[in-house]
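Below is one structure, written out as structure tokens; comments come after it.
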Ligand SMILES: NC(=O)c1ccc[n+]([C@@H]2O[C@H](COP(=O)([O-])OP(=O)(O)OC[C@H]3O[C@@H](n4cnc5c(N)ncnc54)[C@H](OP(=O)(O)O)[C@@H]3O)[C@@H](O)[C@H]2O)c1
């Protein structure tokens, strides 16, 4: 785990009192699956608000290389090793965040995989379905369980589950069955967690970034810069916001 570059010290422990929403420049954020694609752009944009951002990457060497580039532009970004299917690794990451920062303000569950185009719900190997659920549903779930203890005591938090319109029950179709079911389940998890956390100061929302030109999205989608904005919007909801338990694209509600 990187200890941070010379001259870029850790965020100081916050001076404001408990239950006071911290200014963006004093917030700590974690983005999973952030070594490339949308996750990387979300890190860049969050860091642009002044937040200290942890860039979660399965491959720490790749993550560190990416974080170094962002630091050259003045961003406070630190790479941490994070495979969202690895419970023990998640616990190590949570301890690191607790020991280093004492809390977490923003969690972006962005890591995603198993876009199983070409599979059919009647014939897909269930191991693929299990894999999709492990990453796209349980990955986010594990991180929420591990990191909520770093939000709850402070009465403030923003959790963004990066979902997909593909998981909406309003969208019909047979393609990508594993991915679709995993994102639909992530949407339901978002609603149940938001309901549990009502009144806690922790807002939980699902965001579809829209079709985006990344390794997963392929060519033809829009640029990451544009798609990441809706994710960052949900991460930066203002202190008195009551926006929770929603599903959004480009900052507008969409159907579940
Ligand atoms: N692109 C689109 O059109 C689109 C549309 C709707 C929703 N989304 C959602 O947006 C999110 C980001 O997608 P993207 O387009 O940026 O995809 P991407 O370019 O394929 O990047 C996926 C990221 O997730 C990471 N990842 C995969 N499995 C992981 C695991 N077990 N633990 C930790 N990290 C893991 C990858 O890490 P490695 O480099 O180690 O593989 C990579 O950093 C996903 O949740 C996706 O479902 C994308």
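Within region 228-240, none of the residues are more than 16 Å from the ligand (Cβ to nearest atom), more than 24 Å from residue 44 (Cβ to Cβ), modelled with pLDDT of 95 or more and surrounded by fewer than 19 Cβ atoms within 10 Å (Cβ to Cβ). If we keep just the residues of region 17-34 that are assigned to a loop (DSSP other than H, G, I, E, B) and surrounded by fewer than 24 Cβ atoms within 10 Å (Cβ to Cβ), which is modelled with the lowest pLDDT? The residue in question is 17.
Do we find that residue 210 is without any contact (Cβ under 8 Å) to a residue 24 or more places away in the chain, within 16 Å of the ligand (Cβ to nearest atom) and outside any helix (DSSP H, G or I) in this structure?
no
Among residues of region 165-190 being over 15 Å from residue 112 (Cα atoms) and outside any loop (DSSP other than H, G, I, E, B), the one that is farthest from the ligand (Cβ to nearest atom) is 188. All but one of (1) more than 9 Å from the ligand (Cβ to nearest atom); (2) without any contact (Cβ under 8 Å) to a residue 60 or more places away in the chain; (3) over 20 Å from residue 53 (Cβ atoms); (4) surrounded by fewer than 18 Cβ atoms within 10 Å (Cβ to Cβ) hold for residue 255; which doesn't? Tallying (1) more than 9 Å from the ligand (Cβ to nearest atom); (2) without any contact (Cβ under 8 Å) to a residue 60 or more places away in the chain; (3) over 20 Å from residue 53 (Cβ atoms); (4) surrounded by fewer than 18 Cβ atoms within 10 Å (Cβ to Cβ), residue 255 fails exactly one: (2).
Here is a yes/no grid of residues against (1) touching a residue at least 60 places away in the same chain (Cβ under 8 Å); (2) within 14 Å of residue 108 (Cα to Cα); (3) touching a helix residue (DSSP H, G or I) at 6+ places or on another chain (Cβ under 8 Å):
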residue	(1), (2), (3)
188	no, no, no
192	no, no, no
205	no, yes, yes
225	yes, no, yes
237	yes, yes, no
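Which one is nearest to residue 153 (Cα to Cα) among residues in region 191-202 that are assigned to a helix (DSSP H, G or I) and out of contact with any strand residue (DSSP E or B) (no Cβ under 6 Å at 6 or more places or on another chain)? Taking the candidates together, the pick is 196. The set of residues in region 35-56 being within 15 Å of the ligand (Cβ to nearest atom), part of a helix (DSSP H, G or I) and over 12 Å from the mean Cα position of the chain (by Cα) consists of 37, 44, 45.
Of note, residue 112 does not satisfy the criterion of being more than 16 Å from residue 29 (Cβ to Cβ), free of Cβ contacts under 8 Å to residues at least 12 places away in the same chain and surrounded by 14 or more Cβ atoms within 10 Å (Cβ to Cβ).
The values are calculated or read from the model by the stated rules, or taken from the named source; none is laboratory data. Note that this is a predicted model, so its numbers are computed, not measured. For neighbour counting, all protein chains shown are included, and Cβ atoms are generated from backbone atoms with ideal geometry for every residue, glycine included.
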